[in-house]
1. Looking only at segment 1-39, which residues are over 15 Å from residue 72 (Cα atoms), touching a Lys or Arg at 6+ places or on another chain (Cβ under 9 Å) and in a strand (DSSP E or B)?
2. If you check every pair at least six apart or on different chains, which have Cβ atoms under 7 Å apart with a residue in segment 41-64 that is farther than 23 Å from residue 28 by Cβ first and a residue that is at pLDDT 95 or above and among the aromatic types (Phe, Trp, Tyr) second?
3. What single numbered condition from (1) assigned to a strand (DSSP E or B); (2) more than 12 Å from the chain's Cα centre (by Cα) fails to hold for residue 42?
4. Does residue 42 satisfy the criteria of being open to solvent by 70 Å² or more (accessible area, probe 1.4 Å) and of a type in the set (A, V, I, L, M, F, W, C)?
5. Filter segment 1-39 down to the residues that are among the hydroxyl-bearing types (Ser, Thr, Tyr) and loosely packed, with under 11 Cβ neighbours inside 10 Å and list them by number.
6. In segment 54-79, how many are touching a strand residue (DSSP E or B) at 6+ places or on another chain (Cβ under 7 Å), open to solvent by 30 Å² or more (accessible area, probe 1.4 Å) and in a loop (DSSP other than H, G, I, E, B)?
Amino acid sequence: QPWRIEIRVIDSRRSTRVEVEDNGPGIEPSKLKRVFEPYYRADKKRSGLGLGLATVKRLVEAHGGTVGVKSSPGQGSCFWFELPKIS
């Protein structure tokens, strides 16, 4: 099955949420709690330093937002961030 990535923007009265979902290999439940930690890589076979998601988390939280992930092994992942609207 070809790799699929879907991006959604959900606009609500108080915030905007961006979701990035894929149909990739997913992440084991035991590893989900650490994916936003600096230098952590859930899949050691892939390249990278493990700083991307940690950087996203720091930037989003610096602007009053939140980040999260939902994932199931073999079914893909959905990463999201939500930022408050400025009134």
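1. Answer for segment 1-39, where residues must be over 15 Å from residue 72 (Cα atoms), touching a Lys or Arg at 6+ places or on another chain (Cβ under 9 Å) and in a strand (DSSP E or B): 8, 9, 10, 11, 15, 16, 17, 18, 19.
2. Going by the 7 Å Cβ cut-off, the qualifying pairs are 60/81.
3. Looking at each condition in turn, residue 42 falls short on (1).
4. Working: open to solvent by 70 Å² or more (accessible area, probe 1.4 Å): no; of a type in the set (A, V, I, L, M, F, W, C): yes.
Judged against the criteria, residue 42 is not a match.
5. Keep residues of segment 1-39 that are among the hydroxyl-bearing types (Ser, Thr, Tyr), which gives 12, 15-16, 30, 39.
12, 30, 39 - these are the residues of segment 1-39 that are among the hydroxyl-bearing types (Ser, Thr, Tyr) and loosely packed, with under 11 Cβ neighbours inside 10 Å.
6. Final tally of qualifying residues: 2.
The values are calculated or read from the model by the stated rules, or taken from the named source; none is laboratory data. In this text, all values refer to a predicted model and were calculated from it rather than measured experimentally. Here the Cβ is made from the backbone with ideal geometry for all residues, glycine too, and neighbour counts use every protein chain on show. All accessible areas refer to the heavy atoms of the entire protein, side chains included, with ligands and DNA or RNA removed. Shrake-Rupley method; radii C 1.70, N 1.55, O 1.52, S 1.80 Å.
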